[in-house]
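**Student:** I have a structure I would like to understand better, so I am pasting it below and will then ask my questions one at a time.
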Amino acid sequence: MLCYSFIMKTVTIHETKTHLSRLLREVEAGETLIIARGNTPVARLVPFHDGKRRFDALSDLLVRMDETFNDPLEDFAPYMAAENPR
């Protein structure tokens, strides 16, 4: 668990109680926090996932194919004729 502390933000129990609203906003934004008693990590605060898959994060990665994408390629006509003799 300590190996994650250099990647994740670590907060003390006192800081967690004092700034819980702000810390929850960070977690809602995707941050994972380690809650520590002194220098000893005791808990991890992570975003809640309801088990549903979210695809909205990938919406900018969608690829749209041209309407001619499935049209036969003229370059492959000889090969296609060899596979499908009439």
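**Student:** Consider Met80 carefully, then state whether it is surrounded by 10 or more Cβ atoms within 10 Å (Cβ to Cβ), modelled with pLDDT of 70 or more and in contact with a Leu (Cβ under 7 Å, 6 or more places away or on another chain).
**Tutor:** no
**Student:** Could I ask something else about it? Just one of Thr68, Thr18 is of a type in the set (S, T, N, Q), out of contact with any strand residue (DSSP E or B) (no Cβ under 8 Å at 6 or more places or on another chain) and modelled with pLDDT of 95 or more; which is it?
**Tutor:** That would be Thr18, the only listed residue that is of a type in the set (S, T, N, Q), out of contact with any strand residue (DSSP E or B) (no Cβ under 8 Å at 6 or more places or on another chain) and modelled with pLDDT of 95 or more.
**Student:** Looking only at segment 7-44, which residues are exposed (fewer than 13 other Cβ atoms within 10 Å of the Cβ) and assigned to a loop (DSSP other than H, G, I, E, B)?
**Tutor:** Ile7, Ala29, Gly30, Gly38, Asn39
The values are calculated or read from the model by the stated rules, or taken from the named source; none is laboratory data. Fair warning: this is a prediction, and the values are worked out from it, not measured in the lab. Neighbour counts run over all protein chains shown; Cβ positions are idealised from the backbone, glycine included.
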